[in-house]
Amino acid sequence: MTILATEGLTKRFPRVTALDQLSITVGTGVTGLVGANGAGKSTLIKILLGLLPATSGRAEVLGMDAATRGPEIRRVVGYMPEHECLPPDLSATEFVVHMAQMSGLPRTAARERAADILRHVGLHEERYRPIGGYSTGMRQRVKLAQALVHDPRLVFLDEPTNGLDPQGRDDMLALIRRVGAEFGISVLVTSHLLGELERVCDHVIVIDGGALLRSSAIGEFTQATQAIAVEVEEGLEPLAARLAELGEAVAVQGRILTVQVRSEGTFDAVRDAVCDLDLHLVRLEQRRGRIEDVFKEPAA
Ligand SMILES: Nc1ncnc2c1ncn2[C@@H]1O[C@H](COP(=O)(O)OP(=O)(O)OP(=O)(O)O)[C@@H](O)[C@H]1O
């Protein structure tokens, strides 16, 4: 089922083309939107919400034209903006209750719903304290809670892991996975890091300079960008030669041999070659794809 689609979507600012003839289709589940800073991710989200007019082309969300039906779209879509937007003097509870009421819930229902959602995102006693004293991780959770409080069908999360430490990132990614899997809400989440989106997304769209670079199910993506790094005490060259003979794509970089994962058999081939040549293995690890690698791949 199509959740949103764009066709030839273009947005020109006076000095820059932020979106350039972008045509994408997004289905249910968790979809990652990846691109370097300035690639046009936030601009796309604002157009989809009906907050910014496109220069040309079309954008549709849940079957509604974003150019004319922004308020209706915003009623059923949650939005977690990238930038800091929280009132420091209010508590998380006061703020999220307010946002729930703004979306039309009566006060009692708004209070109940806010308490539930704040618990789901992992804010407990601290939800009664002013937001001004919160850590970045807590603030990101409040932003996520307000995006979910009106029980949307779809949420747009703009760089939700920004500014978080590694543990905070992992927690936020796990939360995003739960939003998609347990709450059944479709998610469009942006990041400039492909590696972190790989862990939570069903589908990934990569944009660069406002244009589509690639759109694939996550399986195809990781396969295209996966590699194994092998280090042995001695005998890296013979190992590389053996694997090349077997048809594997290998590259030696210093003490590390990189083998592209082209099929499930690649892991076995590396293991068997190391055994056959009687080499001492120091390291065998999976390399995650980096966005730079994807940028070198032709668009699918
Ligand atoms: N209101 C605006 N006026 C002029 N230029 C803008 C405006 N909004 C965005 N841009 C420009 O459009 C391009 C795309 O910006 P956008 O914020 O969509 O990128 P992004 O992929 O979300 O990156 P980031 O994560 O850094 O925000 C950038 O070159 C940006 O400077």
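Quick note: the coordinates plus some simple rules give every number you see, no bench work behind them. The model shown is predicted, which means the values in this text are computed figures rather than measured ones. Cβ: placed from backbone, ideal geometry, glycine included. Neighbour counts: every protein chain shown.
General remarks:
- Amide H contacts of residue 208 (H built 1.01 Å from N, under 5 Å, at least 5 apart or other chain): 213
- D (Stokes-Einstein, µm²/s), Kirkwood Cα radius, the chain, 1.567 mPa s at 4 °C: 61 µm²/s
- Taking 275, 201 and counting other C-beta atoms within 10 Å, the order from fewest to most: 275, 201
- Percent of beta bridges antiparallel (DSSP, the chain, rounded to nearest 5): 65 percent
- 222 nm mean residue ellipticity, helices alone, for the chain (DSSP H n ≥ 4; -39,500 (n - 2.57); rounded to 500): -11000 deg cm²/dmol
- Taking Cα centre as origin and charging only the Cβ of basic (Lys, Arg, +1) and acidic (Asp, Glu, -1) residues, the dipole magnitude of region 226-290 rounds to 460 debye.
- Placing one equal scatterer on every Cα of region 186-250 and applying the Debye formula, the log10 ratio I(q)/I(0) at q = 0.24, 0.27 Å⁻¹ is -1.01, -1.20.
- Comparing mean-square fluctuations of 108, 161, 136 from a GNM of the chain with C-alpha springs under 10 Å, the top value falls on 108.
- Here region 226-290 is described by how far its Cα atoms reach on the three principal axes: 29, 22, 15 Å, from widest to narrowest.
- Here the relative contact order of region 227-268, from alpha carbon pairs under 8 Å that lie six or more residues apart, stands at 45 percent.
- Shown for 156, 267: other C-beta atoms within 10 Å of each C-beta, ranked fewest to most, produce the order 267, 156.
- Over all other residues within a Cβ to Cβ distance under 13 Å of residue 46, the charged ones net out to +1, with Lys and Arg as +1 and Asp and Glu as -1.
- Fraction in percent of alpha-carbon pairs per bin - 5 Å, region 147-201: 4, 20, 34, 25, 13, 4, 0
- For region 149-156, putting each phi into the Karplus relation 6.51 cos²θ - 1.76 cosθ + 1.60 with θ = phi - 60° gives couplings of 5, 9, 6, x, 8, 8, 10, 9 Hz, in residue order, rounded to whole numbers and with x for Gly and Pro.
- Local net charge near residue 68, Cβ-Cβ under 12 Å (Lys/Arg +1, Asp/Glu -1): -1
- Full-stretch length increase - residue 234, residue 199 - with 0.36 nm per residue and alpha-carbon distance subtracted: 9.2 nm
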